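Below: the structure, in structure tokens.
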Amino acid sequence: MKTAELRDKNEQELVKVLEELKAELFNLRFQHAINQLDNPMRINLVKKDIARVMTIMREKQLQSDAQ
């Protein structure tokens, strides 16, 4: 997911995206544990997307606190 796309979303949408990514990460880890995961690099990509969403949420929080 692109950073620019995430910056255009409001806080509720970001929370929803974060929940979806965490659920996907859980499923990927489960598949990896039972050796059914086709692309193990997907785990790293999802982790980076989660970090990206959390960073943007924090930036928005700091902007609202500063105002």
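The values are calculated or read from the model by the stated rules, or taken from the named source; none is laboratory data. As the structure is a prediction and not an experimental result, all values here were calculated from the model. Quick reminder, even Gly has a Cβ in these numbers, built from the backbone with ideal geometry, and neighbours come from all protein chains shown. Side chains included, ligands, DNA and RNA excluded: accessible areas come from the protein's heavy atoms. Shrake-Rupley method; radii C 1.70, N 1.55, O 1.52, S 1.80 Å.
Here are some notes:
- Using the 1.4 Å probe convention, the accessible area of the chain works out to 79 Å² per residue with neighbouring protein chains retained.
- Computed over the alpha carbons of the chain, Rg followed by Dmax gives 14.1, 49 Å.
- Relative to the longest principal axis of the Cα atoms of the chain, helix 41-66 runs at roughly 10 degrees.
- Environment charge of L45, counting only residues whose C-beta is closer than 12 Å and scoring Lys/Arg +1, Asp/Glu -1: +2
- Given a 1.4 Å probe and the protein chains as shown, R42 ends up with an accessible area of around 80 Å².
- Between helix 11-33 and the chain: long-axis angle, C-alpha atoms, 0 to 90°, nearest 10: 20 degrees
- Carbon and sulfur %, accessible surface of the range 1-62 computed with the full protein complex present, 1.4 Å: 52 percent
- Evaluated with a Cβ-only charge set (Lys, Arg +1; Asp, Glu -1), the range 26-67 carries a dipole of roughly 60 debye about its Cα centre, given to the nearest 20.
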